Structures are given as C-alpha cells and as structure tokens.
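The values are calculated or read from the model by the stated rules, or taken from the named source; none is laboratory data. As the structure is a prediction and not an experimental result, all values here were calculated from the model. Here the Cβ is made from the backbone with ideal geometry for all residues, glycine too, and neighbour counts use every protein chain on show.
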Amino acid sequence: MKKTFLIIATIFAVTLQAQEQKNSIPQITVTGEGKVKIVPDQAIVTVGFQNSGKDAKEVKSLNDEVVDKVIKFLKKSGVPVTDYKTNNVSLNKSYDYEKKKYNFQANQTLSITLKDLTKYDEIMMGLNDAGVNNIQGVEFKSSKMEDYERDARKKAMVDAKQKAQDYVSVLGQKIGKALLITDNSQSYYPQPMYKGNVMAMAADGAAPRETLAVGEIEINTNVSVTFALE
C-alpha cells in the first residue's frame, strides 16, 4: 500500500514539474488581423407583401394570389426553385374599437438569391408587378466566400508572426513555434446599401438608371497567437 502511494506521489510530482516547466517557457502573445476586400457577385433580396380586410379568408386568398404570381414570374425569369423561399407567413386579427369591428392582416416575406446581379432591376420590377410592395433588405455575398475567408485567415497569421518578430528582434531573440492560437473572428460582413425602391423603378416611361450600389465586402479575421521565445 505504501509502495503504491509512493508511485502515485512520484507521478504527480513529475507531472507538476513538467507543467511548471511548460509555464516557465519564455513566450509572447500578439494579435493578428487579416482583411480581404471583394466585389460581391450575388445578392439575397428579402421582399414582403401584405393585404388587409375584414374577412380572414379573403386576405389570405389575396396573399396566395401574390405568391402564385411571384413564383410564376421567378420561374419565367430563370431563377432556380432552390434560390427562393418563404421566410415568414402570418395572419393577424385586430379589433377596431372606433368602428367596433375586427380586421385581419395577412403578411408574407420571401428571400430570393440573385446569382446574376445584372438582372436586379428586371427582377425588382417584375416583383412589383406581381404585388410585392416592400423590400426589407438586400444582403450582398460572393460565390467564393469560403476561399476569401481562408485568405483572410492566412493574412491574420502572417500579421501576427510579423508583429512577434518585430517585438523580439530588438532584444536579440527569435520566435519559436506557436503554443496557442485563438480565433477571435466574428461572422459579420458590412453590407453595402442599395438605393432606389420598387415603386420608383416601376415608373412608366422612366429612362434606364442604376438602382443598385454594390460596393465592396470587407472580410475581417482576427487571431491571438502565443509564440515561444528562443
């Protein structure tokens, strides 16, 4: 029993010593940032429509008619069925105390992925004709987003390594292997704004005009790296 206890105590002491030696390794921790700016080639457009009335079946029927027209238009325009979907459907009941009667409002939103931005105006005008009366937002993306994200991560590591070398070079030291890498990036990409609206683009006899400002997407990656010092 005493022999077993002695062995366990010895193992614990060796482990503790190894941990202390590891913690005593001279090291430096820096952050690195990688940025990649790209011009988006895709857009996700979120549109909505609503109808109001005193009869629930009637307002739902009106919304169903718009859905049918929108889907037929998108199919005719060559938008694949996998590139549009319903996000939200609601039917709300409210009471008008002044008129003492109930009202119903049907709402529905759709998100449409446009993989050809040159069709933006054509699609927007067609959606307006189909009954869409609200653009809730436009999110720009790239078909090569994953490749650009990898580039940003590599740039962040290069930046971190260069910072560490700059700091220790004045001390006559060198950086060794990386001991710890922490990804501090957040999945957020600033989105360019769009200009114009559905109703403005539907003006009869209007001259062709640009209604979409694509801009750039900036992908930011941030890492913390701990290097051993030699």
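Which of the numbered conditions does G32 fail, given that it passes all the others? Conditions: (1) in the same structural domain as K161 (by TED's automatic domain parsing); (2) among the small types (G, A, S); (3) over 30 Å from V158 (Cα atoms). Tallying (1) in the same structural domain as K161 (by TED's automatic domain parsing); (2) among the small types (G, A, S); (3) over 30 Å from V158 (Cα atoms), G32 fails exactly one: (3). When V47, V59 are checked against the criterion of being of a type in the set (A, V, I, L, M, F, W, C) and at pLDDT 90 or above, a single residue qualifies: V47.
K119 meets all of the listed conditions (1) surrounded by 13 or more Cβ atoms within 10 Å (Cβ to Cβ); (2) basic (K, R); (3) closer than 19 Å to S52 by Cβ but one, namely (3).
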